[in-house]
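The numbers here are math on the coordinates, done by the rules we state, and not lab data. What you see is a predicted model; the values in this text were computed from it and never measured. Positions of Cβ are generated from backbone atoms using ideal geometry, with glycine treated the same way; all protein chains shown enter the neighbour counts.
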Amino acid sequence: MLKTRFNELHKKLGAKMVEFCGWEMPIEYKGIIDEHMAVRTKAGLFDVSHMGEVLVTGKDALAYVQWLTPNDAARLLPGQVQYTALMTPESTFVDDMLVYCINPQEYFLVVNAANVTKDYAWIAGHTKGFDVKTKNLSDGYSQVALQGPLAETILQPLTDIGLAAMKSFWWAKGKVAGIDCLVSRTGYTGEDGFEIYTTAANPAPIWTSIIEKGTPLGLLPIGLGARDTLRLESKLMLYGNDISDKTTVLEADLKWIVKLQKGDFLGKPVIERQLAEGLKRKLTGFELIDRGVPRPHYPAYVGGKKVSEVCSGTFAPFLKRPIGLVYLPIETTAVGTEFEIGIRDKMLKAKVIPTPFYKRAGKK
Amino acid sequence: MYPKDFYYTKEHEWIKVEGDEGLVGITDFAQHQLGDIIFVELPQVGTELAVHQAIGVVESVKSVSDVYSPVAGKVVAVNEALAQTADLLNKDPHGQGWIVRLKIKDKKALESLMKVSDYEKFLEGLEA
C-alpha cells in the first residue's frame with residue numbers, strides 16, 4: 001500500500017486507517033460527526049496527498065488546456081484557480097479537476113487519486129498538434145487541506161503569504177512552517193480554507209505546526225469519512241459516484257463550468273446537441289422523508305418503476321438529515337417532487353430539495 | 001469494561017439475562033468499529049426470532065450492519081429511545097443502548113455463548 005509522508009503522524013493521532021485507491025489513509029480520528037462539525041464551526045486539517053498533480057508547459061499550454069476542458073481557462077490570470085473537467089468527446093467525465101494558472105505557458109492540474117494513471121494517460125495522449133510537454137508530478141507532491149471558518153486565523157502566523165488578500169480560487173507561493181509551498185484558497189468542504197502543496201521531502205512540520213496552532217482553537221484532524229459527508233452537504237462532486245465516463249457534464253448539472261463561446265473543445269458538439277434537444281435525466285438532490293439512510297446503489301423508483309440508483313447518500317451531520325444525489329428523469333427533477341428509494345425490503349419516500357444542501361453564511 | 005454477567009457472541013452482540021428474559025445489544029468493540037451510529041432499525045414487538053436471525057440493522061455514518069439474535073426467543077420490548085437517540089449505542093453500549101428485550105425460548109442455549117473472559121480473549125485474538 002502507498003503511504004503519504006504524513007502516515008506515521010496519523011497513526012500517532014489514533015486514526016482508523018483504511019485502504020483507499022491503493023493508499024493507506026485515515027478514515028476517521030475522533031469520529032465522523034465531531035470532525036464534520038469541527039470543519040463547519042472551527043477548522044479541520046486533511047491529508048490529501050493521494051491527489052494527483054500534472055504540469056503542462058509549452059507555447060500552446062493554454063490552447064491545449066482549452067481543448068481538453070469545458071471551462072474557459074483563458075479567463076485565468078496567473079495566480080488563479082478554476083474548477084473544470086477532463087472531457088471525453090461524448091462530454092462525459094474522464095475526471096473533474098482544478099486548473100492552476102501559473103502563466104499562459106504553464107498550468108498545474110490537480111486530479112483525483114483514483115484517476116491519476118488514467119488521467120495522465122489521457123492528458124499525455126492528447127498532445128498531438130500542440131507544442132506542450134506534460135509531466136506527472138504526483139509522486140513528489142504532498143498536499144494538506146486546512147478548512148473551516150478559522151482556517152485563515154490558524155494559518156496566517158505560520159506563513160509569509162498575506163492570506164487576507166488572497167481571494168477564493170487564487171493561489172500564491174510562499175513558506176508554511178518554513179517549507180516552500182503553493183497555497184490556494186480552495187477546498188472540498190463548502191467552507192473557507194486553503195489547500196497547501198509541497199514537494200518537500202519531509203513536509204511533516206506543515207502538519208504538526210497547523211495541529212499545534214489549531215488544536216487550542218478547536219481544530220481537529222479530519223479523515224476521509226468526514227471529507228465525504230462535508231463535500232456531499234455542499235454538493236461537490238465525487239468522481240465514480242456522481243460523475244463518471246457515463247454521465248455528461250450537463251446531466252451532472254455542471255452547466256456553470258461549460259463556456260461554449262470560448263471556442264472548440266472535446267465534447268462541445270454533444271453539449272450543443274443536448275442543449276438543443278433537452279436533457280433526459282439530471283443529477284438531483286433529495287432528502288429522505290421516511291426514516292432511514294440513503295446509500296450509494298440503493299434503487300430509486302418513480303411511480304413504482306426503477307429509474308436509477310443513488311449516486312451519493314448519507315446522513316448529513318450538520319443538517320442532521322438523510323440526503324443524497326441521484327439521476328432522475330428530467331420530468332421528476334422539480335423541487336418538491338416525491339419519489340421512492342428502496343432500502344432493504346422497504347420503499348421509502350424521498351423528495352427533491354434545492355441544492356447545495358448546505359451553503360455557508362456570507363458566501364459570495 | 002465488559003460486564004461480567006453478560007453472554008457474548010462472535011458477532012459482538014451481548015445478552016443480559018433477567019429471569020426468563022434477556023436484554024440484547026451490541027458490544028463496546030462493535031460500536032467502536034462502526035463509528036458514529038445514527039439509525040437503528042428495530043423489529044416489531046412479538047416477532048419470533050430463531051438463533052442468529054437478524055433482529056435489526058444498525059447504521060453508522062459510514063456503514064450498515066445487521067444485529068443477530070444471540071438465542072431464540074420472542075421480542076417483548078424494543079428500545080424506543082433509539083428512534084431519537086441512536087447514539088446511545090455509542091455512549092452506553094452495555095446499558096442505555098440496549099436494542100431489544102427477548103423472552104428466551106430455552107435458557108440452555110446460553111451455554112453455547114461466550115462468557116466475558118472468553119469474549120475478551122476472542123477480542124485479543126482479533127486485535128493481534
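The sole residue among A:Ala15, A:Ala43 that is of a type in the set (Gly, Ala, Ser) and within 14 Å of chain B (Cβ to nearest Cβ) is A:Ala15. Note on the stretch A:19-59: residues that are acidic (Asp, Glu), farther than 22 Å from A:Arg360 by Cα and buried (at least 19 other Cβ atoms within 10 Å of the Cβ) amount to 3. Could you tell me how many of the residues in the stretch A:193-233 are in contact with a Phe, Trp or Tyr (Cβ under 7 Å, 6 or more places away or on another chain), surrounded by fewer than 21 Cβ atoms within 10 Å (Cβ to Cβ) and over 24 Å from A:Asp139 (Cα atoms)? Number of matching residues: 1.
Suppose we filter A:Arg360, A:Arg344, A:Arg321 for residues that are among the charged types (D, E, K, R), within 14 Å of chain B (Cβ to nearest Cβ) and either touching a helix residue (DSSP H, G or I) at 6+ places or on another chain (Cβ under 7 Å) or within 23 Å of A:Ala226 (Cβ to Cβ) (or both); which single one remains? Working first, answer last.
On the way: A:Arg360 fails: within 14 Å of chain B (Cβ to nearest Cβ); A:Arg344 fails: either touching a helix residue (DSSP H, G or I) at 6+ places or on another chain (Cβ under 7 Å) or within 23 Å of A:Ala226 (Cβ to Cβ) (or both).
On inspection, the qualifying residue turns out to be A:Arg321.
Residues in the stretch B:18-72 that are acidic (Asp, Glu), surrounded by fewer than 19 Cβ atoms within 10 Å (Cβ to Cβ) and within 11 Å of chain A (Cβ to nearest Cβ): B:Asp66 only.
For the stretch B:16-63, which fully contained strands (runs of 3 or more DSSP E) count at least 1 residues that are of a type in the set (A, V, I, L, M), out of contact with any Leu (no Cβ under 9 Å at 6 or more places or on another chain) and farther than 21 Å from A:Glu35 by Cα? Step through it out loud before you land on a result.
Values: elements: B:21-26, B:37-41, B:54-60.
Correct list: B:54-60.
Selection within the stretch A:298-318: residues that are in a loop (DSSP other than H, G, I, E, B) and either more than 18 Å from A:Thr355 (Cβ to Cβ) or touching a strand residue (DSSP E or B) at 6+ places or on another chain (Cβ under 9 Å) (or both). The member of this set that is nearest to the other protein chains (Cβ to nearest Cβ) is A:Pro317. Taking the stretch A:42-79 as the range and being assigned to a helix (DSSP H, G or I) and within 20 Å of the chain's Cα centre (by Cα) as the test, the residues that pass are A:Val65, A:Leu68, A:Ala73.
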